[in-house]
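The values are calculated or read from the model by the stated rules, or taken from the named source; none is laboratory data. Keep in mind that this is a model prediction, so the values were computed, not measured. Backbone-built Cβ (ideal geometry, glycine too); neighbour counts: all protein chains shown.
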Amino acid sequence: MKEVTPKVRFAPSPTGYLHIGGLRTALYNYLFACNKKGKIILRIEDTDRKRFVEGATEKLIDTLKWAGFEFDEGPHVDGKSGSYLQSERLNIYNDHINKLIESGKAYYCFCTKERLTVLRAEQQKQKLSQAKYDKHCLHLSKNVIEKKLKSGIPKVVRLNVEPDKTIIFDDVIKERVEFESNNVDDQVLIKSDGFPTYHLANVVDDHLMGVTHVIRGEEWLSSTPKHILLYDYFGWEKPVFAHLPLLLNPDKSKLSKRQGDVAVEDYRNKGYLKEALINFVALLGWNTGDDREFFTMDELIQNFNLKRVHKSGAVFNIEKLNWLNAEHLRKKPNKEVLQMLKDELSCSEYKDKNFDDDYLLLIIEAMKPRVTFVKEFISNCPYFYKPPNKYDENVVRKKWKEDTPEHLTKFLENIALLNNPSKDDFENALSQTAEELKIGNGELIHPIRLAVSGMGTGPGVYDLQYIVGKEETINRINRALEVIKVPNTNLSN
Ligand code: GLU
């Protein structure tokens, strides 16, 4: 038997932003396609004109590109963007619906909104589990239908669901799934505005585009029986289905805006690295079966297997995302981080200052183990960009003692003698000063750090002095000696 090359698609509706769940769907499709050396299509499902948002498609494509996806087919990929935007494929859906109407598998419905509202209210009164269309228009005579069509009154086209059947399909993740056709509504396939609904357009396109595997969120599982019927009614081979588990808030409710950001763009704007977001989203419902959590895109491609996708919901844990961001940032070459830091500086309060690349690289090296985001190379250590204008009061109270000025004066004398000092030279000068004064190194380390940075924490004190340099270290210590007053020790604790 001939092996068919797997072909998948990511088929978002342009709502204005890419939901984090959408990113996961795109990613799993991408990983599956790359792992199997198959193809992936990007298809824009924009037939819901009520939800149309100007510019949303462009924004979506931009976000997918940022995330690192490369599609084999889709808008702007092959120059024929129209063929991958459903709104530009209306003729195709019309041709197909006509075939279904002719074979009695779909029918026109002229029911007014009022009638449908009354019907729904009656069904609710009877406590039917689900409101369903009552097939009223299925029984209209040919003549009546023709007259109504001619008169131009509003109409839709509905799927003719055969009653008393069990619709069965095998899902890679959910395994065997069964629906009773009596619980499946006669779904509208063509709306009164002439546009197809998701169901018709999705199935027709998946077939015509040669999609072999439909990998999508669990929220679409209840639509699948309608799709199965459509495949059967058209006489088409069905793709393999894989429905991905829901994304949950830490309290196990469905992931919602109320409990945090859900748009990929929000995470991008907050400075999360695409590598970290991709790694994080990959783990929302999948793992390799061991404790491994750090993956690059290539490693994900190598390891991904649909069969290892979990059945139950995946909890969104922001701490893990932050941890992964720090990990990915640490693994990046300093040269790459340098460019990111420069971009960040260019829109910071230091945008008019000029810092040497070599200087910034020293900051990167010293701060890399201490940051989660690129912007923290600035916000966590402002003292590398300007001298401190205030000193952490807590540290002053605890570490700036009565004899600190005398100790620092001695230290200043010792470093003044140094010529172009290395990190080791600063260290030796400090030890030597401590020895001369017969004090512990700590008596100097903390006040020096405070004087040079204004803070009580940060990179090693020798790194600190080496990075800002001898002159600046001396200036800053002198300034601290002028500004910091010995605290009233009675008040300290
Ligand atoms: N347009 C649907 C969405 O917005 C696609 C669902 C599917 O993949 O079938 O998610």
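Given the condition within 12 Å of the ligand (Cβ to nearest atom), modelled with pLDDT of 95 or more and surrounded by fewer than 22 Cβ atoms within 10 Å (Cβ to Cβ), answer yes or no: does some residue in the range 31-45 qualify? Break it down into steps so the answer makes sense when it comes.
Quick first cut of the range 31-45, residues within 12 Å of the ligand (Cβ to nearest atom) only: 41-45.
With the extra rule that they be modelled with pLDDT of 95 or more, the set shrinks to 41-45.
Narrowing further to those that are surrounded by fewer than 22 Cβ atoms within 10 Å (Cβ to Cβ): 45.
Yes, the conditions are met somewhere in the range 31-45.
Counted as qualifying within the range 232-304 are the helices (runs of 4 or more DSSP H) with 3 or more residues that are within 23 Å of Asn325 (Cα to Cα) and of a type in the set (D, E, K, R), namely 264-269.
When Tyr93 is tested against (1) without any contact (Cβ under 8 Å) to a residue 40 or more places away in the chain; (2) within 16 Å of the ligand (Cβ to nearest atom), exactly one condition is not met: (1). Scanning the range 407-430 for residues that are small (Gly, Ala, Ser) and either in contact (Cβ under 8 Å) with a residue 60 or more places away in the chain or not in a helix (DSSP H, G or I) (or both) gives a single hit, Ser422. Anything in the range 203-239 that is in contact with a Leu (Cβ under 9 Å, 6 or more places away or on another chain) and over 19 Å from Gly74 (Cα atoms)? List them, or say none. Answer for the range 203-239, where residues must be in contact with a Leu (Cβ under 9 Å, 6 or more places away or on another chain) and over 19 Å from Gly74 (Cα atoms): Gly217, Glu218, Glu219, Lys226, Leu229, Leu230, Tyr233, Phe234, Trp236. Residues in the range 29-57 that are closer than 30 Å to Lys191 by Cβ and not hydrophobic (A, V, I, L, M, F, W, C): Asn29, Arg43, Glu45, Asp46, Thr47, Asp48, Arg49, Lys50, Arg51, Glu54, Gly55, Thr57. Just a yes or no: is a residue in the range 269-285 more than 13 Å from the chain's Cα centre (by Cα) and in contact (Cβ under 8 Å) with a residue 12 or more places away in the chain? Yes. Condition first: under 30 Å from Arg89 (Cα atoms), under 13 Å from the mean Cα position of the chain (by Cα) and either within 16 Å of the ligand (Cβ to nearest atom) or modelled with pLDDT of 95 or more (or both). Can you find one or more residues in the range 235-248 that meet it? For the range 235-248, residues under 30 Å from Arg89 (Cα atoms), under 13 Å from the mean Cα position of the chain (by Cα) and either within 16 Å of the ligand (Cβ to nearest atom) or modelled with pLDDT of 95 or more (or both): absent.
Number of residues in the range 146-172 that are hydrophobic (A, V, I, L, M, F, W, C), touching a strand residue (DSSP E or B) at 6+ places or on another chain (Cβ under 6 Å) and under 21 Å from Thr112 (Cβ atoms) equals 3.
Restricted to the range 187-208, and to residues there that are more than 21 Å from Arg43 (Cα to Cα) and touching a helix residue (DSSP H, G or I) at 6+ places or on another chain (Cβ under 8 Å), the residue that is modelled with the highest pLDDT is Gln187.
Can you name the number of the only condition in (1) buried (at least 18 other Cβ atoms within 10 Å of the Cβ); (2) out of contact with any Ser or Thr (no Cβ under 7 Å at 6 or more places or on another chain) that Leu244 fails? Among (1) buried (at least 18 other Cβ atoms within 10 Å of the Cβ); (2) out of contact with any Ser or Thr (no Cβ under 7 Å at 6 or more places or on another chain), Leu244 violates only (2).
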